[in-house]
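The values are calculated or read from the model by the stated rules, or taken from the named source; none is laboratory data. Owing to the predicted nature of the structure, the values given are computational and were not obtained by experimental measurement. Quick reminder, even Gly has a Cβ in these numbers, built from the backbone with ideal geometry, and neighbours come from all protein chains shown.
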Amino acid sequence: MPTPEAPRVILFTDLDGTLLDHDTYQPGPATVAVERLVRAEIPVVFCSAKTVAEQRALARALGLHPGLIAENGAAVSLPPGFAGLASGVERTFGLRYEEVRGAIAEVAESLGCSVRGYGDMSRAEVAAVTGLDLDAARRAMDRCCTETLVELVGADPESFARSLEARGLRLQRGARFWTVQGPHDKGRAVRWVETWLRDRGTTPTTCGVGDADNDLEMLAAVDHPFLVRRPDGSWADLRLPRLRRLSGIGPAGFAEAVEVILAEVSGP
Ligand SMILES: [Mg+2]
């Protein structure tokens, strides 16, 4: 049976470029919006490429107790008390980090190219290439199921991607680096959370906010998808029924989405 605290609405959100500014990684105008969500008792689920450790640090900084979908859908962590439910859950999907690293090494050897991932680097080296401090670098390196490649030399990315695909892995180009991951995505993880809640008698209306192509599956999995603007003022080229394009860039767009959700979706 649903508990009296069962939420009517739940919000899944991307982080970089959505809840966090693309360049400063700060929530800025989204901070007040997050406080409004807390007051309205709307549970939030972070859904991004960041690791669980990185998402937890951000949640602490925002004073939030969100659900977490980390590493592009590879790991789900819902804390006890999430959505009014007593017990939480942790789940991972796809391949383990060591398996992903092993496949990358095999592909690099077969193509005769050289790659360098976080797992090949010291914390100081990761801090130097990312601009993160040492603690943040440690959290970025605390990976369960995906690897970040900072260098791919001696093979074109398309052939590298094809060889990875033959092993059940995907290569994704990020803003600065590549990510190698197993056959999981944000949308599958969102649907898994929805099913987990439904099995416990909770069927909230779902909202999602994102900024980029890699949010497509997440946005396709929710009832109310929102797209914020990118720093150059454009929207990612996503075609989805019901997709609402917001005028704000990044966190300003996130704040707009919260405005709409409180006014039109969550009701009085
Ligand atoms: Mg993003």
Q) In the set ARG60, ARG56, ARG39, which member is of a type in the set (Lys, Arg), in contact (Cβ under 8 Å) with a residue 12 or more places away in the chain and surrounded by fewer than 22 Cβ atoms within 10 Å (Cβ to Cβ)? A) ARG56
Q.
So, THR18, is that one within 14 Å of the chain's Cα centre (by Cα) and hydroxyl-bearing (Ser, Thr, Tyr) or not?
A. yes
(Q) For the stretch 188-223: of the residues being within 16 Å of the ligand (Cβ to nearest atom), assigned to a helix (DSSP H, G or I) and among the charged types (D, E, K, R), which is surrounded by the most Cβ atoms within 10 Å (Cβ to Cβ)? (A) ASP215
Q | Boolean, GLY73 is small (Gly, Ala, Ser), touching a residue at least 60 places away in the same chain (Cβ under 8 Å) and either touching an Asp or Glu at 6+ places or on another chain (Cβ under 7 Å) or not assigned by TED's automatic domain parsing to the domain that holds TYR25 (or both) | A | yes
Q: Please state which one of ARG245, ARG176 is within 16 Å of the ligand (Cβ to nearest atom), assigned to a strand (DSSP E or B) and of a type in the set (D, E, K, R).
A: ARG245
Q) Which members of the stretch 26-48 meet the condition of being out of contact with any Leu (no Cβ under 7 Å at 6 or more places or on another chain) and within 11 Å of the ligand (Cβ to nearest atom)? A) CYS47
Q: Considering (1) among the small types (Gly, Ala, Ser); (2) more than 16 Å from the ligand (Cβ to nearest atom); (3) buried (at least 20 other Cβ atoms within 10 Å of the Cβ), say which one ALA136 fails and leave the rest.
A: (3)
**Q.** Checking VAL228 against (1) closer than 23 Å to ASP16 by Cα; (2) touching a Pro at 6+ places or on another chain (Cβ under 6 Å), the condition it does not meet
**A.** (2)
Q: Tell me which residues, restricted to the stretch 224-268, are under 28 Å from THR24 (Cα atoms), loosely packed, with under 14 Cβ neighbours inside 10 Å and among the hydrophobic types (A, V, I, L, M, F, W, C).
A: none
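Could you list, in sequence order, the residues of the stretch 1-26 that are of a type in the set (Val, Ile, Thr) and either at pLDDT 95 or above or outside the structural domain of HIS65 (by TED's automatic domain parsing) (or both)?
THR3, VAL9, ILE10, THR13, THR18
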Q. When you look at VAL100, is it in contact (Cβ under 8 Å) with a residue 24 or more places away in the chain and assigned to a helix (DSSP H, G or I), yes or no?
A. yes
